[in-house]
Amino acid sequence: MTSPVSTNIVDSIAIITMDKPPVNGLGHALRSGLLDAFQAATENSAVDAMVITSAGKLFCGGADITEFGSPAAGAEPSLPTLVNLIEESAKPVVAAINGMALGGGLELALACDYRFALPSVKIGLPEVKLGILPGAGGTQRLPRLAGVKFSLELITSGAPVNASKALQAGAIDQIHTKESPFLDAAIAYTKELLAKQSPVRSCATLSVDTSDIEEGYFDNFRKSIARRNRGLIAAEHCIQAVEAACELPLKEGLKKEGELFEILVNSYQSRSQRHLFFAERAATKIPGVDPRTPLRSINKVAIIGSGTMGGGIAMNFLNAGISTVLLDLNAEALERGVGVIRKNYEISAKKGRLSEAQVEERMALLQQTTSYDDIKDVDLVIEAVFENMEIKKSVFKTLDEVCKPGAILASNTSTLDVDEIAAVTKRPEDVIGLHFFSPANVMRLLEIVRGAKTADDALLTTVKIAQAIGKVPVVVGVCFGFVGNRMLEPYGREASRLLLEGATPAQIDRVLTEFGMAMGYCSMIDLAGIDVGYLTRQGNLENIAHDPSYSKLSDKLYALDRYGQKTGRGHYLYEGREQKEDPEVLEIAIATAAELNIERREISDQEIVERTIYTMINEGAQILDEGIASRSSDCDLVYTNGYGFPIGRGGPMQFADESGLDVILKRMNHYRTSLGEYGEMWFKPAPLLEKLVAEGQEFSQYVPNQS
């Protein structure tokens with residue numbers, strides 16, 4: 001087996017090169033190779049200094065998280081052992097950072113004496129996104145080199161920074177600005193250090209400079225990031241580790257970091273966040289589709305409809321530098337839609353996220369038209385008109401006539417039958433669903449709906465273009481609501497029913513946000529629009545008409561023109577952004593319950609969680625059984641990226657696995673019995689849930705039948 005590390009000696013300098021594609025993951029093999037090379041260079045009297053670099057386009061992507069939980073993760077040399085040895089080197093060690101240095105890769109560089117980098121380099125410690133903290137000295141060395149403020153933001157956000165910011169903070173020592181090849185420049189830089197007799201440096205001799213840290217800084221920082229880390233524990237442990245760096249010698253600080261790391265890596269939250277990390281990578285592997293299938297070229301895109309959704313979708317492509325045509329038959333609406341796009345970009349520019357030049361570059365990529373003749377040459381067209389089957393069919397008949405052969409015809413439907421839409425064209429193999437989530441230029445989720453006749457190359461092309469525009473693509477099958485809205489249906493149904501049985505909107509929302517949901521159900525529906533929910537239900541009446549109580553309170557609110565935030569009244573009253581409880585809603589709920597002979601009672605918080613979340617899980621089991629989703633982790637991606645399900649719980653299916661499927665089954669059967677006729681109607685466990693419990697398996701172990 002070829003070693004992932006090679007050594008070449010140039011003028012008394014040992015060039016230690018990592019070469020383990022694709023990202024130089026610091027698994028056991030690479031760690032062992034680095035240790036062997038380091039020790040050989042240390043013992044070689046002809047070597048005066050070392051340069052650690054990479055043969056690839058990035059320096060090092062960090063620890064190999066596939067080893068987490070396995071013996072290889074802690075096998076010696078562990079990453080902490082390796083970096084500690086490098087730091088203690090009697091010979092100067094230079095990290096020649098030629099690309100991204102993330103996580104353990106940055107920790108490796110921090111243990112070196114000096115860091116020399118390309119100007120295009122980015123560094124980061126993204127471990128917090130996996131529910132852990134940098135466990136190989138990152139929380140202790142970075143504050144000593146770059147200060148508390150820079151370190152805290154880098155470590156708790158998980159976001160990378162560019163070489164310029166890293167240089168200014170002290171995390172990088174020099175940036176390569178000359179025309180000479182990078183490695184040659186790194187060798188020359190190392191020779192300069194030797195000629196100047198620059199000292200070997202150890203963080204063990206450094207203390208953290210706290211002169212710019214005002215009293216109460218750490219507590220204030222905690223408050224400043226509380227919202228973005230709501231319910232997650234990793235950021236707090238990161239802060240504690242940096243506090244330890246300020247108070248303890250390096251050796252003791254490293255010990256404290258290790259203790260905090262162990263707490264996190266064994267936590268439910270970290271398992272859940274790592275689950276989502278792997279889920280995102282698995283989602284692009286589509287059963288039955290050869291990943292080597294040649295892709296179609298997407299150089300120009302058209303969006304049909306210039307409303308909020310159409311404009312948001314267009315921005316995704318403009319942001320990615322793709323020429324985009326926005327089509328709307330209503331010229332006034334089109335002008336308004338283009339104006340909104342420009343306003344959104346100008347707001348970003350005012351906040352410093354874009355330059356004025358970038359705003360103009362993106363707007364220059366946008367063409368507006370009221371004529372289908374102007375989209376004859378596009379490679380992908382996305383229809384984003386009103387959620388009505390007849391309207392969508394009309395659009396697709398026109399697209400079929402106008403668009404060039406091989407163009408992908410996509411519908412941004414949230415619930416409708418893609419196969420029925422495809423059937424009005426002569427090219428159903430080119431038709432696909434692309435369900436964007438609002439606001440489309442912000443939300444990461446993209447449900448890609450695979451029709452019965454969708455061609456493999458069209459499917460794979462949309463997956464790749466989704467990644468290119470920064471989305472998390474999840475391929476789903478055709479059914480009402482697909483994965484996301486279909487699983488939302490029982491969640492919303494039970495929340496609505498609980499309002500009739502005795503819960504209040506405020507109680508339901510409090511319980512669900514305490515569970516970790518980004519918003520409570522009643523607040524979410526008020527934001528999305530009670531009218532939107534009502535119209536969606538009208539398309540699904542055949543499946544809900546047998547229950548006279550189904551979303552009846554929402555129907556009553558709709559009839560009273562209480563559409564939510566847009567009208568200032570919904571489940572709550574709204575004055576600007578301020579939300580207030582409304583006694584009238586309680587009166588409507590009491591009257592509606594009386595009409596339906598529903599006995600009102602005190603509802604426990606536990607019942608709210610179980611009836612909303614467990615029925616969602618049960619529907620997910622049915623979706624898996626039908627093959628609508630390829631794996632349970634796809635359902636989790638949909639819910640954590642599109643519906644505000646807490647990432648610390650890993651998504652509904654991962655939450656079920658962690659809770660125990662037997663627990664979910666037991667409580668479903670409890671409500672099936674205790675709720676009488678209503679329970680028998682809606683709480684019948686999915687056959688797959690019963691099957692997996694009987695076999696002692698989890699959702700994560702189940703592979704749907706793809707035939």
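Key figures
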{"item": "Selected residue (criterion: modelled with the lowest pLDDT) from residues of region 374-416 that are of a type in the set (S, T, N, Q) and farther than 13 Å from Val449 by Cβ", "result": "Asn388"}
{"item": "Subset of region 73-101 (residues that are closer than 24 Å to Lys255 by Cβ, within 34 Å of the chain's Cα centre (by Cα) and either in contact (Cβ under 8 Å) with a residue 24 or more places away in the chain or outside any loop (DSSP other than H, G, I, E, B) (or both))", "result": "Ala73, Gly74, Ala75, Pro77, Ser78, Leu79, Pro80, Thr81, Leu82, Val83, Asn84"}
{"item": "Boolean, Ser306 is at pLDDT below 95 and part of a loop (DSSP other than H, G, I, E, B)", "result": "yes"}
{"item": "Test set (1) within 30 Å of Ser272 (Cα to Cα); (2) out of contact with any Cys (no Cβ under 9 Å at 6 or more places or on another chain) - Gly105 fails condition number", "result": "(2)"}
{"item": "Ala55 of a type in the set (A, V, I, L, M, F, W, C), surrounded by fewer than 22 Cβ atoms within 10 Å (Cβ to Cβ), touching a residue at least 12 places away in the same chain (Cβ under 8 Å) and farther than 26 Å from Ala163 by Cα", "result": "no"}
{"item": "Test: residue in region 35-51 that is in the same structural domain as Leu108 (by TED's automatic domain parsing), at pLDDT below 95 and closer than 26 Å to Ile132 by Cβ", "result": "no"}
{"item": "Of all residues making up region 273-327, the number that are under 30 Å from Lys343 (Cβ atoms), touching a Pro at 6+ places or on another chain (Cβ under 8 Å) and either crowded, with 19+ Cβ neighbours inside 10 Å or outside the structural domain of Gly339 (by TED's automatic domain parsing) (or both)", "result": "1"}
{"item": "Residue in region 121-154 that is surrounded by the most Cβ atoms within 10 Å (Cβ to Cβ), counting only those that are among the β-branched types (Val, Ile, Thr) and more than 20 Å from Phe68 (Cα to Cα)", "result": "Ile123"}
{"item": "Elements of type helices (runs of 4 or more DSSP H) in region 506-586, at least 2 residues being among the small types (Gly, Ala, Ser)", "result": "521-528, 552-559"}
{"item": "Filtered residues of region 415-434 (kept if crowded, with 24+ Cβ neighbours inside 10 Å and either in the same structural domain as Asn540 (by TED's automatic domain parsing) or charged (D, E, K, R) (or both))", "result": "Asp430"}
{"item": "Scope region 378-412; condition farther than 26 Å from Gly339 by Cβ, assigned to a loop (DSSP other than H, G, I, E, B) and touching a strand residue (DSSP E or B) at 6+ places or on another chain (Cβ under 8 Å); matching residues", "result": "Asp379, Cys403, Ala407"}
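The values are calculated or read from the model by the stated rules, or taken from the named source; none is laboratory data. Because the structure is predicted, anything quoted here is derived from the model rather than measured. Here the Cβ is made from the backbone with ideal geometry for all residues, glycine too, and neighbour counts use every protein chain on show.
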